[in-house]
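The values are calculated or read from the model by the stated rules, or taken from the named source; none is laboratory data. What you see is a predicted model, and the numbers here were worked out from it, not measured in a lab. Virtual Cβ from ideal backbone geometry, glycine too; neighbours counted across all protein chains shown. Areas reflect the complete protein model, heavy atoms only, side chains present, ligands, DNA and RNA absent. Shrake-Rupley method; radii C 1.70, N 1.55, O 1.52, S 1.80 Å.
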Amino acid sequence: MKYNNQKDKESMKKLWKGRFTKATNSAVDEFNASITFDRRLYAEDILGSIAHAKMLAKQDIISQEDADKIQTALLEIKNDIEKGNIEFSIEAEDIHMNIETLLTEKIGDIGKKLHTARSRNDQVAVDFKLYIKDEIKSILNLTDNMLTVILQMAEKNIKTVMPGYTHLQRAQPVTLAFHLMAYYEMFERDRSRFSDCLKRADVMPLGSGALAGTSYNTDRIFLARELNFAEITPNAMDAVSDRDFAIEFCFCASTMIMHLSRFCEELILWNSKEFSFIEIDDSFATGSSIMPQKKNPDIAELIRGKTGRVYGDLFNLLTIMKGLPLAYNKDMQEDKPPVFDAADTIKNSVLIFTEMLSKIKVNEKNMKNAAKYGYMNATDAADYLVSKGVPFRECHEIIGKIVLDCIEKNCGIEDLSVDELKNYSDKFEEDIYENIDINACIEAKKSFGSTSQESVERHINSKSDK
Ligand code: ARG
């Protein structure tokens, strides 16, 4: 082999150097390398390699002695990485080849046996699935904590009356507990979506080789047991080409942060002077550099803002995968940054949101006051006339006219006397008032899943029983 210059000699350190006679272009090493970001997979990579070495020994493909040496050396490398004693090299491209290079530096030719019956394609797929499985478990734990905080807040606010909105216009009175339990349902669906994603990430690709499987007598079931996977992939080509599990993960994160963003938007509105329904704790707000009076809900705004990043991560990944021919293509190396970003963002957002929510002060008085105005009992007034035998469409029109007149008089329906009400319909009697009282409007809701105290209590109890 002839070396043209120093750079060519360096290039010959590469694990795939055999077929090459020239060094890579000077910009290529850096462009091609993923070590700057996939170093995060070092623990998963070492875990996968130890399982692989054990399997090779069990199947007599390498000796038990060699497998033991490989395992000991890999654990030492892990320790060194965690202590910050390792400087990764761009030249070794990615975390997989960096670790293999370190291993060979440590134990020489024995280290070179590790990659028997394996390709980086099945190696990276298994590392990535191990990583995502772990992240999902953390997200599920964080979600459980958030659900507990929402439930506790709902329990405390079972009688807190507030306006319910459609089109952000006052619509019908509800309780804060009812409103909070709507979010509980959303986050519980997110939880179930992540658990479902976990099932599909739990299928082990290792042992698929580059794309076609391997001619060695390997034991993939043993590998799956060692690495704690529920199943093994049944088609090697799919196993190394599939990133559905990563896309699904980003979709689950996107949906969840969309829910968080809607909740944050409401907290921002409720925290404004105009609403004054809640107060966000000082420890979750910031001040202004110019306006001394300001206390801004930055944390809620930031979670709302970070939604854009997570959607971006999902689209990034979907676009990378679009149109890729089977099997592995280097495009797929770009799959890691969006997934890492989505995982970090959703974990941090759920964590900080939970803390912020647990410290929110509710202003029950202002909430109730807001529910008193805006003719939120108009539907109930119409229902009252229905109970007296008037067809609903007619009632709707009668109450509409009453509301129009009340707006002019600047009063509520309940402020009109029975005599005044009789001008619109002779069916009005003294009992109208107890039927259009705000609490009565809430308690009158009888359907399963409604805002009445009994219904919300049943909902909350069904969750705390779990
Ligand atoms: N760094 C690569 C990635 O993350 C590892 C797989 C490389 N495989 C290959 N055939 N070049 O996708």
* Counted residues, the range 312-330 - those being more than 9 Å from the ligand (Cβ to nearest atom) and either assigned to a helix (DSSP H, G or I) or touching a residue at least 12 places away in the same chain (Cβ under 8 Å) (or both) -> 13
* **Of all residues making up the range 40-51, the number that are open to solvent by less than 10 Å² (accessible area, probe 1.4 Å) and within 15 Å of the ligand (Cβ to nearest atom)** => 4
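Name the residue, out of Ala371, Ala381, that is closer than 30 Å to Thr148 by Cβ, out of contact with any Ser or Thr (no Cβ under 9 Å at 6 or more places or on another chain) and modelled with pLDDT under 95.
Being closer than 30 Å to Thr148 by Cβ, out of contact with any Ser or Thr (no Cβ under 9 Å at 6 or more places or on another chain) and modelled with pLDDT under 95 holds for just one of Ala371, Ala381, which is Ala371.
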* Please state which one of Phe37, Phe20 is modelled with pLDDT under 95 and open to solvent by 40 Å² or more (accessible area, probe 1.4 Å). => Phe20
* **Looking only at the range 273-292, and only at residues there that are part of a loop (DSSP other than H, G, I, E, B) and modelled with pLDDT of 80 or more, the one that is farthest from Asn369 (Cα to Cα)** => Ala285
* Does the range 112-130 contain any residue that is in contact (Cβ under 8 Å) with a residue 60 or more places away in the chain, away from the ligand (no atom under 14 Å from the Cβ), under 18 Å from Asp219 (Cα atoms) and surrounded by fewer than 23 Cβ atoms within 10 Å (Cβ to Cβ)? -> yes
* Asked: Name the residues in the range 204-228 that are under 26 Å from the mean Cα position of the chain (by Cα) and open to solvent by less than 20 Å² (accessible area, probe 1.4 Å), would you?
  -> Met204, Pro205, Leu227
* Among helices (runs of 4 or more DSSP H) lying entirely in the range 374-466, which contain 3 or more residues that are touching a residue at least 40 places away in the same chain (Cβ under 8 Å)? -> 378-387, 432-436, 438-443, 453-464
* Asked: Considering Asp298, Asp242, which residue is touching a strand residue (DSSP E or B) at 6+ places or on another chain (Cβ under 8 Å) and not hydroxyl-bearing (Ser, Thr, Tyr)?
  -> Asp298
* Output for the range 316-338, where each listed residue is surrounded by fewer than 19 Cβ atoms within 10 Å (Cβ to Cβ) and of a type in the set (Ser, Thr, Tyr) -> Thr319
* **Condition check for Leu357: assigned to a helix (DSSP H, G or I), open to solvent by 10 Å² or more (accessible area, probe 1.4 Å), away from the ligand (no atom under 16 Å from the Cβ) and modelled with pLDDT of 95 or more** => no
* **Failed criterion for Gln169 (all others in (1) within 16 Å of the ligand (Cβ to nearest atom); (2) open to solvent by 20 Å² or more (accessible area, probe 1.4 Å) hold)** => (1)
* Say whether the condition of being out of contact with any Phe, Trp or Tyr (no Cβ under 8 Å at 6 or more places or on another chain), closer than 30 Å to Ala23 by Cβ, at pLDDT 95 or above and within 16 Å of the ligand (Cβ to nearest atom) is met by at least one residue in the range 66-87. => no
* Given the structure, is Asp341 buried (at least 17 other Cβ atoms within 10 Å of the Cβ) and within 16 Å of the ligand (Cβ to nearest atom)? -> yes
